[in-house]
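> One structure coming up, written as structure tokens, with questions to follow.
The values are calculated or read from the model by the stated rules, or taken from the named source; none is laboratory data. As the structure is a prediction and not an experimental result, all values here were calculated from the model. Neighbour counts are summed over all protein chains in view; Cβ atoms, including those assigned to glycine, are modelled from backbone coordinates with ideal geometry. Only protein heavy atoms, including side chains, enter the accessible area calculation; ligands, DNA and RNA are left aside. Shrake-Rupley method; radii C 1.70, N 1.55, O 1.52, S 1.80 Å.
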Amino acid sequence: MDRNAPIGVFDSGVGGLTVAREIIRQMPDEKIVYFGDTARVPYGSKSRDTVIRYSRQIIRFLLTKQVKAIVIACNTASAYALDTVEKEFDLPIIGVIRAGALTAVHATHNGKIGVIGTEGTVGSGIYTEVIEKMNPNVQVTAKACPLFVPLVEEGLLHDSVTDEIASRYLSELKGKFIDTLVLGCTHYPLLRSTVGRVMGSDVTLVNPAYETAVELKALLEERGLNCEPGQAADSEKYRFYVSDLAEKFTAFATSILPRQVKETLKIDIERY
Ligand code: DGL
């Protein structure tokens, strides 16, 4: 495995860019190949089998770009597909759920943690399972927020419609007196200010992206796979692929990442 090869990062759409952003911050020497499955988003309302099939196709595509490791920057795909694909492919693959769970367990003081995510992630019960394994005394309340992803994909990050929907979804969690809330969908950190306002300043919001990047960095170093400095010019470090609407993605990615995204290529993911 070439230590100077890129890291593959994928999501159903733009949400995984919040994880890519954190990898760029913590590992500025690494190259990234990002794939956003914009033709087939959302994953959150699809079945386990479908999400596993999509994840396999994306990993096969990323392997054509000679990636050295893969980050499933999507909670739904991590919940449904990680266990399967890490057995099928011969390279390190990590998801975002363990990282989010660990951060929440460390952050809570009163032992009451909330998790918000897609119907798929919440329905799978995976956060509750992983958190309770880490600390059986913690009480987890999970709530699906299915309209958050389309609101983010539409760019309605600061909008009265988003405020209204957030208030409705989160009222149930407010009644549970949680002190920590996991943003269990990679799109949700983009709604952080809205969610924070509704939940109040006493609730710590956990973005699993940070801890995922920490985990990735440790993994690459342990396996001698961390990139040597100065391997690529900034303009060549990051490549973006989508399955639909490349221009829209490029504009969105530029607004999220610390540098301008010049080009996004559209590919036919069904071929893989
Ligand atoms: N961003 C994804 C996640 O973390 C999924 C959004 C979706 O496609 O439903 O779950």
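> With just the Cα atoms of the chain, tell me how far they stretch along each of the three principal axes, in Å, largest first.
So the three principal-axis extents are 50, 38, 35 Å.
> Report the net charge of residues surrounding residue 220, where surrounding means a beta-carbon distance below 13 angstrom and charges are Lys +1, Arg +1, Asp -1, Glu -1.
Charge balance in the 13 Å sphere: -2.
> Right, here's the next one. When only DSSP loop residues count, what GluC sites (Glu not before Pro) in segment 217-272 have their Cβ near at most 15 other Cβ atoms within 10 Å?
Counting only loop positions with at most 15 other Cβ atoms within 10 Å, the GluC sites (Glu not before Pro) in segment 217-272 are 263.
> Would you kindly work out the equivalent ellipsoid of segment 102-193 from its C-alpha gyration tensor and give its semi-axes, the square roots of five times the eigenvalues, largest first in whole Å?
24, 13, 11
> Counting only C-alpha contacts under 8 Å and six or more residues apart, can you give the relative contact order of segment 17-118 as a whole percent?
24
> Continuing with the same structure: Name the lysines eligible as straight-distance cross-link partners of residue 176: C-alpha to C-alpha under 20 Å, and not fewer than 8 places from it in the same chain.
112, 143
> Follow-up. Tell me the trypsin sites (Lys or Arg not before Pro) within segment 117-191 that lie in a loop according to DSSP and have at most 14 other beta-carbon atoms within 10 Å.
Within segment 117-191, the qualifying trypsin sites (Lys or Arg not before Pro) (loop, at most 14 other Cβ atoms within 10 Å) are 176.
> Separate question: Under a plain spin-label model, where a point goes 7 Å from the Cα along Cα-to-Cβ, how far apart in nm are residue 90 and residue 47?
3.2
> Can I ask one more? How big, on average over all directions, is the shadow cast by the Cα convex hull of segment 29-150, in nm²?
Values: hull surface 34.0 nm².
Taking the Cα atoms of segment 29-150, their convex hull projects to 8.5 nm² on average.
> I want to verify the translational diffusion coefficient of segment 51-123 in µm²/s; compute it with Stokes-Einstein, Rh as the Kirkwood radius over Cα pairs, at 4 °C and 1.567 mPa s. Walk me through the intermediate numbers first.
Values: Rh = 13.5 Å.
For the chosen part, D equals 96 µm²/s.
> Express in nm, to one decimal, how much length is gained between residue 168 and residue 267 on full extension, taking 0.36 nm for each residue of separation and deducting their alpha carbon distance.
So the extension gain works out to 31.9 nm.
> Residue 262: which lysines have alpha carbons under 30 Å from its alpha carbon, excluding same-chain residues fewer than 8 sequence positions away?
31, 65, 68, 217, 237, 248
> Within the set of other residues whose C-beta is less than 12 Å from the C-beta of residue 13, count the net charge using Lys and Arg as +1 and Asp and Glu as -1.
Within the 12 Å Cβ shell, the charges total -3.
> Given axes a ≥ b ≥ c from the Cα gyration tensor, I'd like to know whether segment 120-272 is rounded (a/c under 1.5), prolate (a/b larger than b/c) or oblate. Please report the intermediate quantities before stating the final value.
Numbers: a/c = 2.03, a/b = 1.36, b/c = 1.49.
Oblate, since a/c reaches 1.5 and b/c is not below a/b.
> With a probe of 1.4 Å, find how much accessible area the chain has per residue, and write the answer as a whole number in Å².
Per residue, the chain has 43 Å² of solvent-accessible surface.
> Could you name the aspartates and glutamates in cross-link range of residue 174, using Cα to Cα under 13 Å and dropping any fewer than eight places away on the same chain?
Filter leaves 202.
> Would you please name the trypsin sites (Lys or Arg not before Pro) within segment 21-87 that are DSSP coil residues with at most 15 other C-beta atoms within 10 Å of their C-beta?
Qualifying residues, ordered by number: 65.
> Could you tally the net charge around residue 204, taking each other residue with its Cβ under 15 Å from the Cβ of residue 204, Lys/Arg +1 and Asp/Glu -1?
With Lys, Arg at +1 and Asp, Glu at -1, the net is +2.
> Follow-up. Could you go through segment 140-152 in sequence order and give the Karplus-derived ³J(HN,Hα) for each residue, using 6.51 cos²θ - 1.76 cosθ + 1.60 with θ = phi - 60°, rounded to whole Hz, and x for Gly and Pro?
For segment 140-152, the Karplus-derived couplings read 10, 10, 10, 9, 7, 10, x, 7, 5, 5, x, 5, 5 Hz, x marking Gly and Pro.
> In whole Hz, with x marking every Gly and Pro, tabulate ³J(HN,Hα) for segment 57-70 from phi via Karplus 6.51 cos²θ - 1.76 cosθ + 1.60, θ = phi - 60°.
Rounded to whole hertz, the list is 4, 5, 5, 4, 4, 4, 5, 5, 9, 6, 5, 9, 7, 10.
> Given an 8 Å cut-off on Cα distances and at least 6 residues of separation, report the relative contact order of the chain as a percent.
Numbers: 521 pairs, mean separation 73.5, N = 272.
Result for the chain is 27 percent.
> Can you give me the convex hull volume of the Cα atoms of segment 115-159, divided per residue and expressed in Å³?
80
> Next up: Starting at the first residue of segment 209-223, write each ³J(HN,Hα) from the Karplus equation 6.51 cos²θ - 1.76 cosθ + 1.60 with θ = phi - 60°, in whole Hz, x for Gly and Pro.
Per residue, the Karplus-derived 3J(HN,Hα) values read 4, 4, 5, 5, 5, 4, 5, 5, 4, 4, 5, 5, 5, 4, 9 Hz.
> Which value results for Rg/Rh of segment 230-272 when Rg is the Cα radius of gyration and Rh the Kirkwood radius based on the inverse mean 1/r?
Answer for segment 230-272: 1.03.
> Restricting to DSSP H runs of at least four residues, report the calculated mean residue ellipticity at 222 nm for the chain, -39500 (n - 2.57) per run over all residues, nearest 500 deg cm²/dmol.
-13500 deg cm²/dmol
> Moving to a separate point now. If I stretch the segment between residue 129 and residue 221 completely, what's the gain in nm (0.36 nm per residue apart, minus their alpha carbon distance), one decimal?
30.3 nm
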